[in-house]
Amino acid sequence: IGIQLYDHGAGIPATLPNQPHWNRILTKILPSIDVSGKDSARIAAALEYGRTSTNLPGRGKGLAEMAEWIRKTDDGFLRILSGSGQITYQSGGKVIRKDLNAPFCGTLVEWEVKIG
């Protein structure tokens, strides 16, 4: 089954630095991913950290939960396009990053999993 979600907002790479936990992401997560500051690195960091712009309990873990489903079932993929970056999370926990020549407005999440 495949699901696609599109958010017309500013996008993950643009909003991530405005979050209260940005310093933690900047010092603890991004250095292990990439110090270049490219959008694909910011998307990967957001996936690893889990976040929300609403600061409401129970929010901000959706992408991490989607990735966890893929890791547990060892099937499917999660692709996230936002700003000038794209990441694809594959079974086995493999993350493929790609930086795009033209920015993608908003955030597109594509999640494909096997059910049953």
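The values are calculated or read from the model by the stated rules, or taken from the named source; none is laboratory data. None of these values were measured; they are calculated from a predicted model. Neighbour counts are summed over all protein chains in view; Cβ atoms, including those assigned to glycine, are modelled from backbone coordinates with ideal geometry. Areas reflect the complete protein model, heavy atoms only, side chains present, ligands, DNA and RNA absent. Shrake-Rupley method; radii C 1.70, N 1.55, O 1.52, S 1.80 Å.
Overview of values
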item	result
Net charge of neighbours whose Cβ lies under 15 Å from the Cβ of G106, counting Lys and Arg as +1 and Asp and Glu as -1	-1
Residue-wise HN-Hα coupling along the stretch 97-108, computed from phi with Karplus coefficients 6.51, -1.76, 1.60 (Hz; x: Gly, Pro)	9, 9, 9, 8, 6, 10, x, 9, 6, x, 9, 10
Tensor-based shape of the chain (alpha-carbon gyration tensor, a/c under 1.5 rounded, otherwise prolate or oblate)	rounded
R97 accessible area, assembled protein chains, probe 1.4 Å, Å²	80
Ranked order, S40, S84 - accessible area, probe 1.4 Å, largest first	S84, S40
Å² of accessible area per residue within the chain, as computed with a 1.4 Å probe and no ligands counted	59
With all protein chains modelled, accessible area of E48 [1.4 Å, Å²]	110
Among C105, A46, W69 - extreme Cα towards positive end, dipole of the chain, charges at beta-carbon	A46
About the Cα centre, charge dipole magnitude for the chain (Lys/Arg +1, Asp/Glu -1 at Cβ), debye	260
Helix-only mean residue ellipticity at 222 nm for the chain, each DSSP H run of n ≥ 4 adding -39500 (n - 2.57), per residue, nearest 500	-7000 deg cm²/dmol
Where labels lie 7 Å past Cα in the beta-carbon direction, separation of A102 and E65 in nm	3.5
